[in-house]
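Inspection log for the structure reproduced underneath, given as structure tokens.
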Amino acid sequence: MTENISNEDLRCIGCGSEIQTDDKNALGYTPSSALEKAKDTGEIYCQRCFRLRHYNEISPVSLTDDDFLALLNQIREANALIVYLVDIFDFNGSLIPGLHRFVGDNPVMLVGNKADLLPKSLKNSKLKDWIRQRSNEAGIRPIDVELVSAKTNESVDSLLENIDKYRKNRDVYVVGVTNVGKSTLINQIIRQNTGIKELITTSRFPGTTLDKISIDLEDGHKLIDTPGIIHQEQMAHYLNGKDLKIVEPQKQIKPKVYQLNPEQTLFFGGVARFDYVNGDKKHGFTVYVENDLFIHRTKLINADNFYEKHFGEMLTPPSEDSIKEFPELVRYEFKTDQKSDLVIEGLGWITVPSGVVVAGWAPKGVSVLLRRAMI
């Protein structure tokens with residue numbers, strides 16, 4: 001696959017927004033002087049992307065969820081292969097509600113990103129089966145399931161071969177929710193074929209790509225990176241960049257097993273909490289979260305007071321400069337009838353045994369759910 005960035009109009013190659021020099025507060029703004037300099041190199045970035053790339057500063061996005069969906073609805077009329085990227089570590093938070101509404105009859109290839117974060121003991125074949133089953137439950141019938149790590153370039157070559165196999169002289173649309181690594185994957189594809197590194201803006205912040213970004217394929221068709229659909233239920237929307245570094249896994253997860261008696265609690269910094277509410281005996285609970293996230297065990301009867309006393313100090317993140325805006329924790333209780341994962345979207349999960357009552361606490365607006373155990 002050979003690609004060149006499409007130059008049909010003057011657009012930011014970081015986020016896809018149309019370049020303009022009039023309104024500092026609107027998408028695509030770049031100063032006239034910067035634009036003239038950029039024209040010499042052919043690499044034009046809006047001011048928002050420039051500041052994000054060089055200073056890790058994020059500006060508010062003026063596009064609404066409806067704007068994003070309107071852009072994606074164009075796919076329904078296209079004749080294309082849909083490459084649907086999900087974050088394996090945040091699988092449930094990666095699912096797009098009503099995906100079928102805007103892909104139409106186009107085939108879907110499901111790609112699980114961040115495979116490097118899971119323990120090597122988990123075989124790819126088992127993980128693919130698990131992903132396919134969970135996808136089927138969500139009404140998605142992929143023609144294939146692939147596993148990659150866009151960050152480390154793991155299995156990207158294999159993915160490109162399979163994209164060529166399934167696209168059959170059609171365009172390719174890459175879709176997904178925010179923060180699953182779409183732009184990182186597209187950058188790997190560009191780097192492999194052109195040698196250009198990090199052309200598209202990437203960040204831990206949700207909503208970096210704001211419009212479609214087209215890459216020419218060798219047969220005249222295009223690979224198109226679409227805006228990420230914003231899920232307000234993701235943990236990333238409630239943390240600043242500094243806190244996200246502590247919550248989002250950066251390397252392979254090392255599972256931690258906690259032997260808990262009934263009525264014991266685990267705190268995950270100040271962002272989440274897990275209660276073993278009721279059961280017949282002591283059980284082992286396996287925790288899959290960022291390795292450096294602080295976890296504290298205490299008695300359930302003392303948990304509320306402990307949180308109130310130590311939130312933002314011992315229990316961090318959130319850090320001191322963001323605790324005022326951090327939502328209250330909301331409780332969700334479950335009774336298990338099989339080995340299950342209690343998932344706190346964007347944070348990770350706790351694998352729990354059958355026949356117990358447990359509760360998960362997350363910031364108001366963040367989803368907590370129970371699913372069939374992945375591992």
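The values are calculated or read from the model by the stated rules, or taken from the named source; none is laboratory data. These numbers come from a predicted model, not from an experiment. Cβ placement follows ideal geometry from the backbone for every residue including glycine, while neighbour counts extend to all protein chains displayed.
Quick grid of which residues meet (1) within 21 Å of residue 249 (Cα to Cα); (2) in contact (Cβ under 8 Å) with a residue 24 or more places away in the chain; (3) assigned to a strand (DSSP E or B):
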| site | (1), (2), (3) |
| --- | --- |
| 284 | no, yes, yes |
| 301 | no, yes, no |
| 319 | yes, yes, no |
| 350 | yes, yes, yes |
| 358 | no, yes, yes |
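Keeping to the stretch 162-216, report how many residues are assigned to a helix (DSSP H, G or I), at pLDDT 85 or above and in contact with a strand residue (DSSP E or B) (Cβ under 7 Å, 6 or more places away or on another chain).
5
Considering the stretch 152-161 alone, what residues qualify as being of a type in the set (Val, Ile, Thr) and part of a helix (DSSP H, G or I)?
156
I want to confirm something. Restricting to the stretch 292-313 and keeping residues that are over 14 Å from residue 274 (Cα atoms) and surrounded by fewer than 14 Cβ atoms within 10 Å (Cβ to Cβ), which single residue is modelled with the lowest pLDDT?
The selected residue is 313.
Being within 25 Å of the chain's Cα centre (by Cα), among the aliphatic types (A, V, I, L, M) and within 27 Å of residue 129 (Cβ to Cβ) is the requirement here; does residue 350 meet it?
Considered against the rule, which asks whether it is within 25 Å of the chain's Cα centre (by Cα), among the aliphatic types (A, V, I, L, M) and within 27 Å of residue 129 (Cβ to Cβ), residue 350 comes out as yes.
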